[in-house]
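The values are calculated or read from the model by the stated rules, or taken from the named source; none is laboratory data. None of the values given here were measured: they were computed from a predicted structure. Backbone-built Cβ (ideal geometry, glycine too); neighbour counts: all protein chains shown. Side chains included, ligands, DNA and RNA excluded: accessible areas come from the protein's heavy atoms. Shrake-Rupley method; radii C 1.70, N 1.55, O 1.52, S 1.80 Å.
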Amino acid sequence: MTQFTPPLPPLHHQITSLLPNPNMMNKNQIPRPRPWPASGFPTTSKALSNLGDANCMEQLLVHCANAIETNDVTLAQQILWVLNNIAPHDGDSNQRLASGFLRALTARAAKTGTCKMLVSAGTNLSIDTHRFNIIELANFVDLTPWHRFGFTAANAAVLEATEGFSVVHIVDLSLTHCMQIPTLVDAIASRQHHDASPPIIKLTVADACCRDHIPPMLDLSYEELGAKLVSFARSRNVIMEFRVVSSSYQDGFASLIEHLRVQQEQQQHFVYAAEPSTPSEALVINCHMMLHYIPDETLSDTTDLTSYVYDSSSSAAVSVTPTSSLRSLFLKSLRGLDPTVVILVDEDADLTSNNLVCRLRSAFNFLWIPYDTVDTFLPRGSKQRQWYEADTCWKIENVIAHEGLQRVERVEPKNKWEERMKNASFQGVGFSEDSVAEVKAMLDEHAAGWGLKKEDEHIVLTWKGHNVVFASAWLPA
């Protein structure tokens, strides 16, 4: 995991004075209780080691966030020093987790009121996230069920929903740049009879991730990616049409919705004019950890955001109000397209709060999981481990250090998405026993801590009993 430049441990040399300095306190400032015993500021190794468990580090991070938000330079300074000494970037999983939050709080302090003085000019707080080639990215997502769980569940649901269709149109809104598509192509190819015409897959993608540099990042254009996918499909006797639509999550993928609406109108006109034997087409909307980047109500409440999304059910542009969100309007627009199935896979956490401390607690109690799991499949010092933890650090920094439109990591829990989908007139459909068995077989390839449980119609990936990612399938109600 890439650190500051200079590295994080010498950070106290970049600060005016990291030891307690009563002279720095404003005379009008109300003394605040310190998050350590009244016997004194912890300076010995033994005293610092007593603060090294996860609960203590979480409390220190909370106190530090409060100090930064209230411009309490002295307290922020003291806690940064303590955290710097108990949370090495190469320590155990809890220490590396706390180190990521320390970096994020430092980045926030660098642009917050008088706390700016805590970070010296020229300090590099950037995170060196890796740009993957296709082989690297394919291997990277296969390391852990974090993405494979959604891939496996989604592909199984898509195969069942599109049975009998000659043409499958997949709209892939995926954080992982179509990495689940080759397996789906293989599955579609294998279910065709030898004497039947080759199946047709139309694959439409939005270029939001490439354009906005959200990790994991790809080192080639989507046009180049598409050419490779088309070539792979051809090798499996599958005809693929690949199309990239320039569209952003910031406006609820409005241009993508419009593109699909126009395309659907043209298709309906073609079917009406053609012979009855014209191949039927299934429309699959595959949403893999992308919808939480669409602005939600919490952003509308704090930002002057004038946005519009195309509502295909009313053939009009709908204004986003403080009581609505682009997320809900996007889902209603999808419903107007009458898709065959919508797959929704995302992380089961709540990182939407406008209160920094609430957000920090939620993130800390969710993002310990990638640090804990990485110890089971990647050795210390490996490049893949550095890439993996750098991407997690990017997420932590986005959640903690940024606000407004820059804070794009606004993950919502499963029950909130379930409410949104039902309000948009979708109904959940359960995964079949065969689909669940396939997901369980995939989990058997990984560490013993991973598990699966059913919640209503949905399935949830767990790590040591804690919810990680949910997968759900939805049909128009």
Taking only pairs six or more apart or across chains, which ones have beta-carbon atoms under 8 Å, a first residue in the stretch 413-441 that is assigned by the TED database to the domain that holds Leu344, and a second residue that is among the polar types (S, T, N, Q) and in a helix (DSSP H, G or I)? Arg420/Ser328; Asn423/Ser328; Ala424/Ser328; Glu438/Thr152; Val439/Thr152
Long-range neighbours under 6 Å by Cβ, at least six apart or interchain, first residue over 15 Å from Glu397 (Cβ atoms) and open to solvent by 50 Å² or more (accessible area, probe 1.4 Å) within the stretch 360-373, second among the aliphatic types (A, V, I, L, M) and assigned to a helix (DSSP H, G or I): Trp368/Leu97
Selection count, the stretch 160-219, where residues are closer than 21 Å to Tyr293 by Cα and in contact with a Lys or Arg (Cβ under 6 Å, 6 or more places away or on another chain): 2
Take Asp296 and decide whether it is out of contact with any Leu (no Cβ under 7 Å at 6 or more places or on another chain) and at pLDDT below 75. no
Subset tally (residues that are of a type in the set (Ser, Thr, Tyr), open to solvent by 10 Å² or more (accessible area, probe 1.4 Å) and under 23 Å from the mean Cα position of the chain (by Cα)) for the stretch 195-221: 1
Matching entry among Leu452, Leu405, Leu443 (being open to solvent by 20 Å² or more (accessible area, probe 1.4 Å), among the aliphatic types (A, V, I, L, M), more than 13 Å from Glu347 (Cα to Cα) and at pLDDT 95 or above): Leu452
